[in-house]
Each structure stands twice: as C-alpha cells, then as structure tokens.
Amino acid sequence: MTATVDSKTRQVEIAPTDNCEDETCKTFVLHNEDHTLGNALRYMIMKNPQVDLCGYSVPHPSEKKINLRIQTRGTSATDVLKQGLSELTTVCDHILTTFETSVVYYKEMNPSSESKEHPEPMDT
Amino acid sequence: MANIEEIRTRVRLGEFEVTNGHTTDFPGSYSGYDDAWNQVKFEKKFHIDVIRLTDRDLEFDMVGIDCAIANAFRRILLSEVPTMAVDKVFIYNNTSIIQDEVLAHRLGLIPIKVDPRLFEYRTADDTEGTPEDTVVLELKVRCKKNPNATKDTTDPDVLYVNHKVTTNNIKWLSQGNQAALFKDGIHPADEDVLIAKLRPGQEIDIKMHCVKGIGKDHAKFSPVATASYRLLPEITLTQPVEGALAEQLKQCFAPGVIEIDNIDGVLCVVSVDSAVCCRCAVGCVCVLRARVAAARKDTCSREVLRHDTIKDCVKLTRVRDHFIFSVESTGALPPDVLVTEAIKVLQAKCRRVLQELEDVDSDDQ
C-alpha cells in the first residue's frame, strides 16, 4: 500500500509517517466520516486483544474527516481495521434482526396501537 | 470483586460528580475477565424490548451494547437517514407580507409524507429534476372578501375566504409514472400547519421541488423531531429507611419511584387499613418503610443527595449497557422504519470503508 493515496478518489488513506514500513502502527484517514463511525469503530477495535492502542480524532470540525490511529502487538494494523469493520457489520446485522423481531412481536401483542393518532401521554 | 463488577457495569451518580462514566471493559483492563470481542456472547446478552410504538413515537430498550454503538444509531437518526423535503421553490407570485426567502424557508421545514427509499438523490447540477428524484408540489392560494359576511363582524375567519394558508392548500403534481406508484398521493405529514396569512387581494402562487437529502446537509431533511437515549436508572437503598425519613426520601424522587409500605402488616388504627397508614404521628404505631418501586421513572435529579439525613441511605447508579431509546418521527416514515434504516446506514458505512481497503489491496498486487 502506498503512503499517500489520492484523497479525491479514495475515501481511506494512510497518513504518511517516518516509519512507513512498520505495519503494526498506522494512522488511517477516513474521509467523509465523523464521530458516528469513529467512536463505534474505535470500540470494536479496542475489543481486539491484539490491539495496543486505538484512538481517533477529528482534526478540524469543518473538515469532514477523522484520523484513526491503530497500534498493535504484532499483527498488521490494516488487518485489525478490516476485522473491526467486519465485526461491526455483523453486530449491526444482529441488532437489525433483533429489532425487527421485537417490533413484530410488539405489533402482535398490541394490534391497535399502530393506528393510534394521539396516544395518551405516558406516565413518567 | 463485587466492586470491580460495579465499575464495569454501572455509572455512579455522586453528589458532586459522576464516576465510572467511561467504558473500561477492554482486554487487558481487568485480570480474570475475558473482554475480547465475542459475537456469541454478545448475541446471548443483547436484546431489544419495544415499550411503545405509535405512528409517530417509538420507545424501546436496547440492552447489552456499548454506548459507542448506541450513540452511532442516535447520531445517524438525527443526521443521516434520508427524507424528502422542499428544496427548490419557484415563486410565480407572492404578494403576501411574508418575504419570498422567509416563505421558502418555512416551506422547506414542512415534513412531507413520502417514502424516500423510492427516490434517488438529485445531482447538484440538475435544475429540472426527473420523476425518479423529484416530487413537485403546488401552493396556489388567493384571498378574497367573503361577500356573505355580516357587516358588524370583525372575525377574519368570517370576513375573508382563504386568509389562512396551511399545508392543506399544498397540492401534489404527479410527474411521470408517480401517480401509479403513489396511489394514496403525496401530502405534507401534518394537516393545518399554518404557512402564511393573507388579506383580500393577496396571492401566493408557488411550485416546489422536493428532493431527497440528509440532515447533515440541512436540518429540514432530519427524519426525527427528537432521537435520544438515557441509561436505565438504578436506585439502591443501602439500609432500611423508615418513618419520617421514608416520606422525605419519597419526596426527593419523581412520583412513583419510591413507595412506602406499612411493613408490620398490622391495621393502622387511625386509617383502618393494613396497606396504607394515616401517617399521623399521634396514636399510630405502624412501621413505614421505603421501597424502590420504579427506578425507571427516576429523572436522576440527585435531589436526595442534598439531604444529609438520607443521603447515606441511597446509592444512585445507572446501568451502563441499558439504553432507553426514544424516537419521535416527523411523519415521513414510521419511527420503527427509521431505526431499521439507521442500522442499515451504519452497516453501509462499514462496508464502504471495508470495500475501499480491499480495493487498495487488490490495486497493489
């Protein structure tokens, strides 16, 4: 992988560092992403025991990009990122099916609630 | 060990501070815990319970997930689930006192009840629009004097015809094969939203183009009025709270959070009931004890910690992985559909970056 990739065509690039050969420490620049993906991805990557450090930053609030830093205990940082992304996708899959099942169950239990125009305010 | 479990799973509300606010269950943080990601373990623990679902409101509990991911859904609901909104306003005539640009802004903020999944995004250089990416609406109202109005009336509703311009006046102009696709027509989500007021002789004649967009670009595209979550509150009484203190404790929380039981089960001599007590100090020997009845209703005000007499009797915490989501739709899509769309958006983000990384790999080879 080259140190810099054209940001016009690529959504992901690797920030240039002094030690480009070190596969275990990398800073990825994710264009058009923010805290939404950054924080969720950081959590998934931190859950990987191979990871020494994972953090992200938004360098400037009006630039739509985040820097995601990964340092590992030996495995390739790119592989760790890929694993994190695919794990997050699997998590979303499970959440989606669980949510849909719960909604179907709720609608079965409460057949009339769907069409209620003005629900009674809940007692809080 | 019990303390470690609490640090891992609870957020503690202190009198002046919140402790254990951060997620710490990462591999290597605690000896004796396997904190590596495990999909099977996650699926075992994770569950969702829908509490309330109407055509506009949704409340559900999402249990067994980290706030990083729950927050991603909240953020996506606010700013990345697409809807259709008025984006181009063609003003043929506007003699009302509302300026063109203010009127255009007001029209933009009106929620339109149409499924955005059936449309494409309109390209930036496209000014005409196609039936696949644009919904055309028309607003054509002219105010007149009511000839039948009685002479002495001052009520504008009687004096004038069409003096209130509302969302009811917005008509859909079907483009291409849209009429076949949208059998029920396309309307604003709410009736009777006041857009402008007119006086006789004034006229509004407008055509609007609704396009698909996301809340990130403009708040008018946001599909939710609010989307928020709170952590499940938990109140633990560390010692029995009885008598006057029990009453004081009850007053510190929202109604229904703390209930008071007459624990000795003996009839209260004054109120003649074993469940309730007269609570008069004179002639009553009942033992009243506070009980946490519904911690969920707690507002987490921490009022109780201001009272020195009872603050050591309670421990206020919140369950770190129990999210009570509340989603209020603006009306374009039902709230449950919005949540499924939000989950799909996060998935799409992951796939996009993953695809990119794999493309780079294959380019290098």
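The values are calculated or read from the model by the stated rules, or taken from the named source; none is laboratory data. Fair warning: this is a prediction, and the values are worked out from it, not measured in the lab. A quick note on method: Cβ atoms are made from the backbone with ideal geometry, for glycine too, and the neighbour counts reach across all protein chains shown.
Of the residues A:99, A:28, which is under 21 Å from the mean Cα position of the chain (by Cα), at pLDDT below 95, within 24 Å of residue B:73 (Cα to Cα) and among the hydrophobic types (A, V, I, L, M, F, W, C)? From the options A:99, A:28, the qualifying one is A:28. Name the residue that is nearest to residue B:67 (Cα to Cα), counting only residues in region A:73-96 that are buried (at least 21 other Cβ atoms within 10 Å of the Cβ) and over 14 Å from the mean Cα position of the chain (by Cα). Checking each candidate, the answer is A:95.
So which of B:65, B:51 is more than 14 Å from the chain's Cα centre (by Cα), among the β-branched types (Val, Ile, Thr) and either surrounded by fewer than 20 Cβ atoms within 10 Å (Cβ to Cβ) or within 16 Å of residue A:92 (Cβ to Cβ) (or both)? Result of the check over B:65, B:51: B:65. Which residues, counting only those in region B:229-256, are in a loop (DSSP other than H, G, I, E, B), buried (at least 20 other Cβ atoms within 10 Å of the Cβ) and without any contact (Cβ under 8 Å) to a residue 60 or more places away in the chain? Result: B:253, single match. Restricted to region B:56-79, and to residues there that are at the interface with another protein chain (Cβ under 7 Å from one of its Cβ atoms) and of a type in the set (D, E, K, R), the residue that is nearest to residue B:233 (Cα to Cα) is B:66. Number of residues in region A:48-65 that are within 11 Å of chain B (Cβ to nearest Cβ) and of a type in the set (Ser, Thr, Tyr) equals 1.
Condition check for residue B:41 on (1) more than 8 Å from chain A (Cβ to nearest Cβ); (2) of a type in the set (Lys, Arg); (3) within 30 Å of residue B:117 (Cα to Cα): one failure, at (3).
Could you please let me know if residue B:290 is touching a residue at least 24 places away in the same chain (Cβ under 8 Å) and either of a type in the set (Val, Ile, Thr) or outside the structural domain of residue B:58 (by TED's automatic domain parsing) (or both)?
Spelling it out, residue B:290 is indeed touching a residue at least 24 places away in the same chain (Cβ under 8 Å) and either of a type in the set (Val, Ile, Thr) or outside the structural domain of residue B:58 (by TED's automatic domain parsing) (or both).
On the stretch given as region B:6-38, residues that are closer than 25 Å to residue A:93 by Cα and more than 29 Å from the chain's Cα centre (by Cα) total 7.
Annotation for region B:13-33: at least one member residue is among the aliphatic types (A, V, I, L, M) and either assigned to a helix (DSSP H, G or I) or more than 9 Å from chain A (Cβ to nearest Cβ) (or both).
Once region B:38-90 is narrowed to residues that are in contact with a strand residue (DSSP E or B) (Cβ under 6 Å, 6 or more places away or on another chain) and of a type in the set (Lys, Arg), the residue that is farthest from residue B:230 (Cα to Cα) is B:88. Looking across region B:46-103, the residues that are among the acidic types (Asp, Glu), in contact with a Phe, Trp or Tyr (Cβ under 8 Å, 6 or more places away or on another chain) and assigned to a strand (DSSP E or B) come down to B:49, B:59, B:61.
For region A:15-47, residues that are more than 7 Å from chain B (Cβ to nearest Cβ), assigned to a strand (DSSP E or B) and closer than 19 Å to residue A:60 by Cα total 4.
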